[in-house]
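> Have a look at this one.
The values are calculated or read from the model by the stated rules, or taken from the named source; none is laboratory data. Since the structure is predicted, the reported quantities are computational estimates derived from the model, not experimental observations. Here Cβ is always computed from backbone atoms with ideal geometry, including for glycine, and neighbour counts include all displayed protein chains. Note: areas computed on protein heavy atoms with side chains; ligands, DNA, RNA excluded. Shrake-Rupley method; radii C 1.70, N 1.55, O 1.52, S 1.80 Å.
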Amino acid sequence: MTTGQRSTDLSLGTATSWWRRLLLFARRLFSSPTSAIGATITLLFILVAILGPFIAPYGANEIIASDARQPPSSTHWFGTDNLGRDVFSRVLLGAGEILLLAGLGTLLAVIAGTLLGLLAGYRGGIFDEVIMRVFDSLLALPALLLALLLLGTVGRSQNSVLIVIFVVYTPIVARVVRSVVLAVKSQGFVEAARLIGESQAYILLREIMPSVLPTLSVESALRFSYAIFLVASLGFLGVGVQPPSPNWGLMVKEARTYASQIPWAIIFPAAAISIVVIGINLLADGMKRVLQATGNE
Amino acid sequence: MDKFGNAPILDINQLTVAYQHGDVWLEAVREVSLRINSGEIYGLVGESGSGKTTLIMAVMRYLGEKGGICSGEILLQDTNLLELNEAEMRKVWGKAITLVPQNPLSSLNPSMRIGDQLAETLHHQLGLESGAARQRSIEWLDRVRLPDPERTANQYPHQISGGMQQRVLIAMALCTEPQLLVLDEPTSNLDVTTQAVILDLINDLMHDRDTAVLYVTHNLGVVAQVCDRVAVMYASELVEDAATQDLFSKPLHPYTQGLIDSLPQLGDTKDSIQLRTIRGQIPAIGKGPPGCIFRTRCPIAIEICETRPPLIPAGKSRSSRCHRWSEIEEGTISAKQLSHNGESQRSSPFRESPTLEVDELKVHFPLRRSFGEWVRREPGKKVRAVDGVDLEITPNRTLGLVGESGSGKTTIARAVMGLVGKSEGSIDLLTLPLPDKLSQRELETLRLLQMVFQNPEGALNPYLTVGESLRRPLLRLLNLSKIEADAKVATLMQAVQLPHEYAERLPGHLSGGELQRVAIARAFASNPELLVLDEPVSSLDVSVQAAILNLISELQSDHQSSLLFISHDLAVVSYVADQISVIYLGTLMEVSEPGELFNAPHHPYTEALLAAIPLPDPSLRSAPIHLQGDIPNPVDHPGGCPFHTRCPRYLGEICATQSPPWQIDDKTGKRIYCHIPLEELKELQFEMKSPRPANTD
């Protein structure tokens, strides 16, 4: 092999090796039935969220007056609610909103939590002490209570739900990241980086961050599933997203009064919530297993 | 039966043990035979991965799910251990066979008093009533020379030191009068002075006992000091088996010869001799070459070595797994590995001012004040890790800093590097004062000052390739472009004798010795004036250690750097250093040239250290000077001379109250921190010759 060929191989090598690592990760994930189910459910719901507006047979708030309170049938797969809205369409259309709100909220919490966790763990001292004590006091309150408190002050809207997710989950992510940083920062390679005068940002992002990533990705998946549950719960309590939005929690709340007459209007949105939360949890478990096995190699 | 009519206690016959790895079985022990007679201490030596642990686990029938015994037999007197079921084995464990493990603390129940644990063993194994068991356990604690057995019996394991815990375990293992005692690296985690006491204890306790002892270790010095017979294992095979005296005076297998040559002897210096190394590395389990397992690393391999040699009886009661043992014995060939270059010529320093000057350095760590102290407005307590140390390193020279754990040697290194702040004193690099904090030091200062860490696994980022780790100091400290840096990485890899394709690998795919080479390459990358090495070889196997020490000396003379070399191993330090400072409890005790280290007068602490080192020469079994007790907690710093609480030459009042003077010996140039006049010390201490085994050259 000539040198020229060798270098092309190498430049390709990095690209293919990422692709191969991803494939290897996927293959290992699908090797266990539970995590395969989890991954499939999660992918399916993301697909529904994206394609929902195109495949839903009716609009979210389209009232078919003649067909109110219909049981599931070939025209209305999940039946209709007491106002005559198609439950199947509403579940499909609701997926986008709930995944987007929960996803965006989790993303913000993960970014802020990671930065604060990295800094608190690495710098220590007063900075760490102040941040962690504030987070402790936030964590002392049950998540839902904290959410109700916040919504009472910032008002009820989609943006407030985002803020709630952000405030509730940032401390949790920060604590997890900080614990990994504490274990890594006394290792020789971090001290070696300090000894060649690397900046704090470089040490945090290039030296420490790779060790945090496996734990962080599992934690993010878990937070995402809890965030979905939180959005649905707030909808159910009537303090989050407001009607007539097709929020799954809100749908359960609205149909609750007529539970004995139109049980399908409760069962289907409730099932959607549980299935997606269980699916993402299974996926997170699988990711943890695969990442630990890879780490041990 | 052997010729003395003794039946062996343990008789292992052609034992093969394998582990399941995926679909294949890999042999971790291959056709090993050995016999241990009653009252015999049998040493089993090997580097990590040689299969010695698997062998003892097989004897204990404790291999785990993935391990299995493929063939062979293990006889304990008349019982075939391989035919026993688990219930029957349970009766053997703890009674007929007992084990003293490497890590004593994890083998003791942390929530039970020591006396109760011993009594429980006695009750369970010998059926003693609780009163009698209690009485007997205190007798045993006394027999293993614990200073106050009654008190120790009432303590919990964490309240006593590692050396004392190991003595408790020895008592526990011996109290049932076992037929076979297995000692698995019992002193590897202990300091050298503590180790000497334990070895002495083992020697004495076993003296008139019928128990057969299997002593597993990687330390040739320990073997020479305690064992009657030695077997050497290499890559799953037993390669040589001989009486200790014979093995050390004339090894008949090239691997044994290589192991003995790899050890720096006390008195060797890098200017007088280059350490011989064994080329290559130990093959992974199941990956050895066909034929003789050592063939690919052997300096005298010939065609016949492609067939596997049996364990050949070589003279009376010894055997070697080498086709050419008789030629080695007759001396017609030499199995000594050639050292790969001649004497290193070292230029005289062209700059007289010291590279590093440390003056009255103190590093104290304050402890949080207790509530009582806060109320009484007392000052908080401090850990006095380093308590007034002077060091000076001249250009292109090496200062060796020796001390046991807790002596403050690592803290000095970290203070010099700026990783901990100093409390008092000054540190000057090239006559300019070094700022305390790393962030206040300029890039150029950082370039001049680099460090190699003790644990090679943690020293490299597991997520960055070796090349990326090496490139970083070049980009930052030398301002090279990416292309220049890549070229320099290739040169560095070559300098530390690693193949260049390793640059693309992640640290997880490298062995400990290879990782340490990368770490050394990274430290030398910026061409530093001063390199601090904190125990760079203590976690490595003997043969790897020799190669790394040679590499460090070579790079030092290429780069003209000064070194601060920190170690607990006097032999290693005296090999690499031009000057040795002995430190105890944050204070220097003695400063000496390595060549004069063995000549009296010594500081009493150095004397104890020297006497405690197990020499790899069975003819030099010395009665060590025992140090009583443990190194004191640096919070309760003893006044006067810090060594007075353990000093075997304690004078009285003056040692406990007054700081000793630095005395300078005119003849040897040694500086000694002691109240005893040098003339008197010299008379007390017999002249220690620098011990070199008879077989060398």
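> Along region B:411-417, what does the Karplus equation 6.51 cos²θ - 1.76 cosθ + 1.60 (θ = phi - 60°) give for ³J(HN,Hα), rounded to whole Hz, x for Gly and Pro?
My calculation for region B:411-417 gives 4, 4, 4, 5, 5, 4, 6 Hz in order.
> Defining a contact as two alpha carbons under 8 Å apart and six or more residues distant in sequence, what relative contact order in percent does chain B show?
13
> List the GluC sites (Glu not before Pro) within region B:88-166 that DSSP assigns to loop and that have no more than 16 neighbouring Cβ atoms inside 10 Å.
Those that pass, being in a loop and sparsely packed, are B:GLU129.
> How much of the pair distance distribution for region B:233-284 lies past 18 Å, counting alpha-carbon pairs only, in percent?
41
> Within 10 Å of each Cβ of A:182-194, how many other protein chain Cβ atoms are there on average?
That works out to 6 on average.
> Which residues' amide hydrogens lie under 5 Å from the amide hydrogen of B:ALA314, considering only partners 5 or more residues apart or on another chain, with H built in the peptide plane?
Amide H neighbours of B:ALA314, under 5 Å, 5+ apart: B:SER319, B:SER320.
> So in region B:356-580, what percent of DSSP beta bridges are antiparallel if you round to the nearest 5?
Working: 16 of 32 bridges.
Around 50 percent of the beta bridges assigned by DSSP in region B:356-580 are antiparallel ones.
> Quote the FRET efficiency, to the nearest 0.05, computed for B:GLN14 versus A:THR34 with a Förster distance R0 of 41 Å and r equal to the Cβ-Cβ distance. Walk me through the numbers on the way to the answer.
Values: r = 46 Å, r/R0 = 1.13.
Given R0 = 41 Å and the Cβ-Cβ separation, E is 0.30.
> Let me ask something else. Any chance you could check the Cα centroid distance between region B:498-528 and region B:22-56 for me, in angstrom?
Cα centroid of region B:498-528 versus Cα centroid of region B:22-56: 32 Å apart.
> Please identify every one of the GluC sites (Glu not before Pro) in region B:423-458 that sits in a loop by DSSP and has no more than 12 other beta carbons within 10 Å of its own beta carbon.
B:GLU442
> Note the buried accessible area between B and A here, summed over both chains, with a 1.4 Å probe, in Å² to the nearest 100.
Summing both sides, the interface buries roughly 1900 Å².
> While we're on this one: Which residues' amide hydrogens lie under 5 Å from the amide hydrogen of B:LEU434, considering only partners 5 or more residues apart or on another chain, with H built in the peptide plane?
Residues meeting the criterion, in which the H sits 1.01 Å from N, are B:ILE427, B:ASP428, B:LEU429.
> Another question about this same structure. At 1.4 Å probe size, with every protein chain present, just tell me what the per residue accessible area of chain A comes to in Å².
Here the per-residue accessible area is 49 Å².
> Using θ = phi - 60° and the Karplus curve 6.51 cos²θ - 1.76 cosθ + 1.60, what whole-Hz ³J(HN,Hα) does each residue of region B:525-534 get, with Gly and Pro shown as x?
After applying 6.51 cos²θ - 1.76 cosθ + 1.60, I find 4, 8, 6, x, 7, 10, 10, 9, 10, 9 Hz.
> Cβ under 13 Å from B:ARG646's Cβ, B:ARG646 left aside: what net charge do those residues give with Lys, Arg +1 and Asp, Glu -1?
After counting each charged neighbour, the total is -3.
> Could you tell me the distance between the Cα centroids of region B:199-241 and region B:71-133, to the nearest Å?
Distance between centres, Cα-based: 21 Å.
> Now for a different question. Roughly what % antiparallel, to the nearest 5, for the DSSP beta bridges in region B:140-275?
55
> Using a Cα-Cα cut-off of under 29 Å, which lysines could be cross-linked to B:LYS381, ignoring same-chain neighbours fewer than 8 residues away?
A:LYS185, B:LYS362, B:LYS409, B:LYS422, B:LYS437
> Run the reach check for B:LYS270 against aspartates and glutamates, Cα to Cα strictly under 18 Å, same-chain hits fewer than 8 apart removed. What comes back?
B:ASP261, B:GLU343, B:GLU535, B:GLU554, B:ASP558, B:ASP569, B:ASP578, B:GLU593, B:GLU596, B:ASP697
> Using θ = phi - 60° and the Karplus form 6.51 cos²θ - 1.76 cosθ + 1.60, what ³J(HN,Hα) does each residue of region B:231-246 get, whole Hz, x for Gly and Pro?
My calculation for region B:231-246 gives 10, 10, 10, 9, 6, 6, 10, 8, 9, 8, 8, 7, 5, 3, 4, 5 Hz in order.
> Over region A:70-198, what portion of Cα pair distances is larger than 21 Å, expressed as a whole percent? Numbers along the way, then the final one.
On the way: 4823 of 8256 pairs.
Percentage above 21 Å: 58.
> Moving on. Of the GluC sites (Glu not before Pro) in region B:1-76, which ones lie in a loop per DSSP and count no more than 11 other C-beta atoms within 10 Å? The partial results should precede the final answer.
Values: sites: B:GLU27, B:GLU31, B:GLU40, B:GLU47, B:GLU65, B:GLU73; in loops: B:GLU40, B:GLU47, B:GLU65.
Answer in residue order: B:GLU65.
> Separate question: Please report the orientation-averaged projected area of region B:356-580, defined via the convex hull of its C-alpha atoms, in nm².
For region B:356-580, averaging the hull's shadow over all directions gives 13.8 nm².
> Provide the descending list of Cα extents for the protein assembly as shown along its principal axes, expressed in whole angstroms.
If we take the Cα atoms of the protein assembly as shown, the spans are 113, 77, 72 Å.
> Can you tell me the FRET efficiency between B:ARG368 and A:THR153 if r is taken as the Cβ-Cβ distance and R0 is 30 Å, rounded to the nearest 0.05?
0.15
> Amide H to amide H under 5 Å from B:SER33: which residues, 5+ apart in sequence or cross-chain, H placed 1.01 Å off N in plane?
B:GLN14, B:LEU15
> Still on this model: Using a 1.4 Å probe on the protein heavy atoms, what percent of the accessible area of region B:356-580 belongs to carbon and sulfur?
49
> Find the centroid of the Cα atoms in region B:282-319 and in region A:179-220, then give the distance between the two in whole Å.
46
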